[in-house]
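Asker: Structure provided below as structure tokens; questions to follow.
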Amino acid sequence: MGPPREAGDVTSTDQDRPPTSVLLPTVRWTDACDEVAGQLGERDELLVICDTGGDPVAERRGTTPDGVRIVLAGEPEGCSGKANAIAAGMGAADHDRIVWTDDDFAHPDGWLATLNADYERQGPTTEIPVFVGRDPLARLFEPAYALGGTAAVSAGEIAWGGAVVFERDDFRHGEDAFLADLRRTVSDDGTLTEHVDVTAADRTRTVPCGGSLRGSLERFVRFLHIVRFHAPRAAAFDVAFAVAFAALCLFAPVVGVALATAVSAAVYARFGVRRATFLLAGPAVIVLPLFLAYALARRTFVWGGRRYRWRSLFDVEVLPV
């Protein structure tokens with residue numbers, strides 16, 4: 001047993017709700033691990049999931065706070081490392097109520113309790129990501145991510161794996177069918193969306209992304225492939241819309257850029273995003289078709305230290321970087 005949790009007092013609310021298993025894939029112990037561990041109720045558990053015993057976080061085994069376990073998922077075969085980690089966590093979790101989260105954003109006090117309250121009120125619930133760029137290319141993409149990520153999750157009943165709560169009985173075709181799909185694809189939250197009906201909470205989480213031009217480019221390729229394989233009609237519409245809007249900006253720049261900026265400003269305002277990057281919507285729209293063409297032409301992408309060749313939804317090859 002490790003040191004006791006600071007926020008482990010049992011409340012009547014904690015006793016009245018089902019116990020929760022929180023799955024957090026990461027190879028390092030981050031602030032997010034401490035934040036979530038401190039919010040566990042007496043009957044809850046946090047599963048910190050890494051790949052192998054060689055990952056830095058694995059050294060914490062036997063010294064974690066009460067209610068926290070380190071789970072070794074093993075190397076992925078035929079799926080992404082993230083999907084493999086989630087599948088391993090689902091198998092190791094003790095409880096029927098499940099929360100997925102990530103290690104790349106802040107989990108404020110009450111985060112877990114709020115998600116549980118969401119479930120009691122409306123069933124499976126996802127929070128909404130707002131991606132904030134840490135390099136020039138990622139910042140240029142912010143307006144596109146606000147529309148295709150933030151607004152799409154909110155309006156389209158799309159699960160975001162960074163903050164989603166559901167129960168095992170919520171799978172439309174059963175948990176075994178979900179896990180079978182998860183172990184042969186790339187996107188964990190894309191797969192969850194196809195198996196569980198979720199409702200978006202009117203609440204956002206700021207997620208830093210990028211940090212290098214190469215990393216942001218690989219992320220863009222991965223995001224497009226996720227849409228391409230999980231929602232091919234939406235992907236086709238997005239490409240056609242991007243080309244049409246870019247043409248408008250090139251041939252009627254005043255109208256096109258003004259319209260792109262206004263739409264981005266409205267999305268930012270709707271979700272309380274206070275960043276000036278909405279002003280980059282015009283330049284982003286003009287160059288977006290070039291990046292889309294590049295992403296569609298790419299046959300592999302790098303994510304989390306692994307290279308993937310994703311041929312179709314359930315055809316994934318893991319390659320050395």
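The values are calculated or read from the model by the stated rules, or taken from the named source; none is laboratory data. This is a predicted model, so every value here is computed, not measured. We place every Cβ from the backbone using ideal geometry, glycine too, and count neighbours over all the protein chains shown. Accessible surface areas use protein heavy atoms only, side chains included; no ligands, DNA or RNA. Shrake-Rupley method; radii C 1.70, N 1.55, O 1.52, S 1.80 Å.
Asker: For the stretch 272-288, which positions are surrounded by fewer than 17 Cβ atoms within 10 Å (Cβ to Cβ) and either touching a residue at least 40 places away in the same chain (Cβ under 8 Å) or in a helix (DSSP H, G or I) (or both)?
Answerer: If the condition is that a residue be surrounded by fewer than 17 Cβ atoms within 10 Å (Cβ to Cβ) and either touching a residue at least 40 places away in the same chain (Cβ under 8 Å) or in a helix (DSSP H, G or I) (or both), then Gly272, Arg275, Ala276, Leu279, Pro283, Val287 are the ones that fit.
Asker: So for the stretch 71-78 (the condition being farther than 22 Å from Asp189 by Cα and surrounded by fewer than 21 Cβ atoms within 10 Å (Cβ to Cβ)), does at least one residue qualify? Can you show your working first?
Answerer: Of all residues in the stretch 71-78, those farther than 22 Å from Asp189 by Cα come to none.
Checked against the condition, which is being farther than 22 Å from Asp189 by Cα and surrounded by fewer than 21 Cβ atoms within 10 Å (Cβ to Cβ), the stretch 71-78 yields no hits at all.
Asker: Test each condition in (1) in contact (Cβ under 8 Å) with a residue 40 or more places away in the chain; (2) farther than 21 Å from Gly123 by Cβ; (3) open to solvent by 10 Å² or more (accessible area, probe 1.4 Å) for Ser154 and report the one that comes out false.
Answerer: Answer for Ser154: the failing condition is (2).
Asker: Do the conditions hold for Pro208, that is, is it out of contact with any Asp or Glu (no Cβ under 8 Å at 6 or more places or on another chain), open to solvent by 10 Å² or more (accessible area, probe 1.4 Å) and either at pLDDT below 95 or more than 26 Å from Glu317 (Cβ to Cβ) (or both)?
Answerer: Details: out of contact with any Asp or Glu (no Cβ under 8 Å at 6 or more places or on another chain): no; open to solvent by 10 Å² or more (accessible area, probe 1.4 Å): yes; either at pLDDT below 95 or more than 26 Å from Glu317 (Cβ to Cβ) (or both): yes.
No.
Asker: Just one of Ala138, Ala177, Ala200, Ala146 is assigned to a helix (DSSP H, G or I), hydrophobic (A, V, I, L, M, F, W, C) and open to solvent by 20 Å² or more (accessible area, probe 1.4 Å); which is it?
Answerer: Details: Ala138 fails: open to solvent by 20 Å² or more (accessible area, probe 1.4 Å); Ala200 fails: assigned to a helix (DSSP H, G or I); Ala146 fails: open to solvent by 20 Å² or more (accessible area, probe 1.4 Å).
Being assigned to a helix (DSSP H, G or I), hydrophobic (A, V, I, L, M, F, W, C) and open to solvent by 20 Å² or more (accessible area, probe 1.4 Å) holds for just one of Ala138, Ala177, Ala200, Ala146, which is Ala177.
Asker: What number of residues in the stretch 40-70 are outside any loop (DSSP other than H, G, I, E, B) and touching a residue at least 60 places away in the same chain (Cβ under 8 Å)?
Answerer: 1
Let's see how each residue does on (1) in contact with a strand residue (DSSP E or B) (Cβ under 6 Å, 6 or more places away or on another chain); (2) open to solvent by 10 Å² or more (accessible area, probe 1.4 Å); (3) more than 16 Å from Ser21 (Cα to Cα):
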residue	(1), (2), (3)
Ala93	yes, yes, no
Asp96	yes, yes, no
Ala113	no, yes, no
Asp118	yes, no, no
Arg134	yes, yes, yes
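Asker: Conditions first: (1) of a type in the set (Phe, Trp, Tyr); (2) outside any loop (DSSP other than H, G, I, E, B); (3) touching an Asp or Glu at 6+ places or on another chain (Cβ under 9 Å). Trp160 passes all but one, so which condition is the exception?
Answerer: (2)
Asker: Looking at the structure I just gave you, is Ala200 in contact with a helix residue (DSSP H, G or I) (Cβ under 7 Å, 6 or more places away or on another chain) and within 25 Å of Val263 (Cβ to Cβ)? Break it down stepwise before answering.
Answerer: Numbers: in contact with a helix residue (DSSP H, G or I) (Cβ under 7 Å, 6 or more places away or on another chain): yes; within 25 Å of Val263 (Cβ to Cβ): yes.
It is true that Ala200 is in contact with a helix residue (DSSP H, G or I) (Cβ under 7 Å, 6 or more places away or on another chain) and within 25 Å of Val263 (Cβ to Cβ).
Asker: With respect to Val263, determine if the residue is buried (at least 17 other Cβ atoms within 10 Å of the Cβ) and in a loop (DSSP other than H, G, I, E, B).
Answerer: In short, no.
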